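The values are calculated or read from the model by the stated rules, or taken from the named source; none is laboratory data. All of these numbers come straight from a predicted model, not from anything done at the bench. Please note: Cβ atoms are built from the backbone with ideal geometry, for glycine as well, and neighbour counts cover all protein chains shown. All accessible areas refer to the heavy atoms of the entire protein, side chains included, with ligands and DNA or RNA removed. Shrake-Rupley method; radii C 1.70, N 1.55, O 1.52, S 1.80 Å.
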Amino acid sequence: MADVTIIGGGIIGLCSSVALQDRGYSVELIERGELGMGASYGNCGLLAPGEVVPVSRPGVIRKIPRWLLDPEGPLFVRPSALARDLTWLLKFLRAGREDTVRHIASSLAPMMKRVNADYGHLLEAIGRPDLLSQVENLMLFNDRSEYERDRFTWNLRRELGFDHTFISGSQVKELEPAIEGPITCGVIMKDWYHFTDPLALTRALAEEVVRRGGRIVPGEALSFEAERGRIRRVKLRSGARIDTKQVVLSAGAWSGLLSRQLGLRIPLAHLSGYHVHAPHPQVHLERATYYASGGFVLTPMATGLRIGGTIEIAGADPKPNFRRADVLAERAKMILPALDIADSTRWMGARPFIPDTMPVIGRAPAFENVTLAFGHGQVGMTLGATTGQIVAQIIANEQPAVDIIPFRPQRFA
Ligand SMILES: Cc1cc2nc3c(=O)[nH]c(=O)nc-3n(C[C@H](O)[C@H](O)[C@H](O)COP(=O)(O)OP(=O)(O)OC[C@H]3O[C@@H](n4cnc5c(N)ncnc54)[C@H](O)[C@@H]3O)c2cc1C
């Protein structure tokens with residue numbers, strides 16, 4: 001029997017596995033599909049430490065009519081999901097009050113301050129520092145007023161130690177000559193970088209887990225068997241039972257069902273996102289670039305240019321509406337006219353999203369041998385290595401590197 005059974009082989013489960021192995025624990029990782037092929041595959045690949053301000057923020061409520069009416073807009077709520085996710089949406093909107101936003105941002109900040117160093121050590125340890133580009137991200141605006149409108153966010157980030165530099169349109173052009181179109185200014189995001197290949201990252205982590213003696217168990221974790229306040233076995237859909245000493249639940253957007261069996265009702269929604277991945281883009285970008293006025297990210301990856309983003313509230317495991325991905329490619333051509341999307345692929349995936357945009361990290365209150373680590377929303381890639389460290393610290397009964405009280409699973413009671 002392994003020391004720790006980890007459910008879910010995305011960035012969170014894999015980083016947790018390696019961090020536990022660092023402390024001498026043996027691990028087994030249960031994955032129902034292919035390792036790293038959940039949200040950790042198709043994301044935009046940003047390492048975005050300053051992304052501490054939640055998606056729901058002051059003023060967001062005014063945008064709701066647009067969210068409901070424009071299926072091609074950056075955030076869309078499918079009418080079919082509205083009734084089912086209404087309670088979640090109300091909680092999400094409530095988290096956008098200024099005092100709550102300040103609390104969320106300052107709770108996430110200590111974790112975010114660690115992400116660069118934690119990934120630095122992890123990538124060094126697995127011999128793949130090349131998987132993180134060292135060129136800072138860029139944000140683009142059609143008009144300075146769009147940047148000014150978000151002053152609250154910029155100020156809050158700066159107060160918490162996440163800086164940026166405002167630059168002119170001609171400076172944008174110097175940095176990224178391929179960019180054209182209506183851009184008049186930009187912002188360089190200090191210490192924000194990008195992963196050059198998210199799938200290569202999760203694969204390298206999985207190889208490391210196995211190289212250190214970890215076991216990958218194919219199968220879907222379905223339920224738990226408990227005795228005297230501890231989970232003793234994880235039952236798989238195949239009927240197999242896995243004896244366990246400690247469990248980590250890191251099944252991304254699908255963690256809700258299993259956490260309910262632990263007596264927890266955690267408001268976890270699937271927030272779908274899309275990408276178009278162009279293998280031969282015929283344009284060169286040096287850095288990951290968020291086109292704020294268009295609502296999408298362009299990330300130069302080892303395998304091509306990824307155009308990704310958008311949020312769609314469409315319920316759990318919805319059928320993809322690839323028109324949303326096509327719109328991303330069309331809008332990308334507005335600022336990269338030479339972009340070639342021949343042979344491109346389209347993808348939809350689910351961000352595991354909690355209304356307050358903070359992850360759930362901590363022990364399950366009723367089962368002290370279960371640690372929860374999911375709900376990382378739009379920053380799960382960014383927080384992967386640091387979450388892994390915290391999970392290992394919890395299990396090893398060490399003092400976590402940051403205050404994890406704000407992330408506790410029982411905060412929704
Ligand atoms: C379009 C888009 C863009 C994004 N861009 C960024 C970005 O630029 N930067 C950033 O930091 N984050 C970004 N994110 C968010 C980030 O991708 C996620 O927060 C992160 O990947 C979540 O990781 P995870 O390990 O929790 O989940 P996942 O990667 O989804 O992994 C969960 C795994 O658990 C497995 N699983 C589920 N249920 C079971 C079960 N019962 N038994 C066994 N296995 C199970 C699944 O098969 C899956 O492999 C983006 C997300 C999207 C959708």
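Of the listed residues Cys44, Cys185, the order by accessible area with a 1.4 Å probe, largest first, is Cys44, Cys185. Here Arg363 sits with roughly 70 square angstrom of accessible surface, probe radius 1.4 Å. Spatially close Lys pairs in the chain, defined by Cα atoms under 17 Å apart and a spacing of eight or more places or different chains, total 4. Which of rounded, prolate, oblate describes the range 76-216, given a ≥ b ≥ c as roots of the alpha-carbon gyration tensor eigenvalues and a/c under 1.5 marking rounded, otherwise prolate only if a/b is larger than b/c? Oblate is the answer for the range 76-216, as a/c is 1.5 or above yet b/c matches or exceeds a/b. In the range 320-413, a dipole from Cβ-located charges (positive for Lys and Arg, negative for Asp and Glu) runs towards its positive end, and of Thr382, Asn321, Asn369 it is Asn321 whose Cα lies farthest in that direction. Can you tell me the orientation of helix 198-211 relative to the chain, as the angle in degrees between its alpha-carbon axis and the longest Cα principal axis, to the nearest 10? With rounding to tens, the tilt is 20 degrees. From its DSSP helices (H runs of at least four residues, each -39,500 (n - 2.57)), the chain gives a residue-normalised ellipticity at 222 nm of -9500 deg cm²/dmol.
When the surface is traced with a 1.4 Å probe over the full set of protein chains, Met334 keeps roughly 110 Å² accessible. Per the 1.4 Å probe, what fraction of the accessible area of the chain, in percent, lies on carbon and sulfur atoms? Looking at the chain in its full context, I get 52 percent from C and S. Residues in the chain average 41 Å² of solvent-accessible surface per residue, probe 1.4 Å, ligands and nucleic acids excluded. Largest GNM mean-square fluctuation across Arg324, Arg228, Arg32, computed for the chain with C-alpha springs under 10 Å, falls on Arg228.
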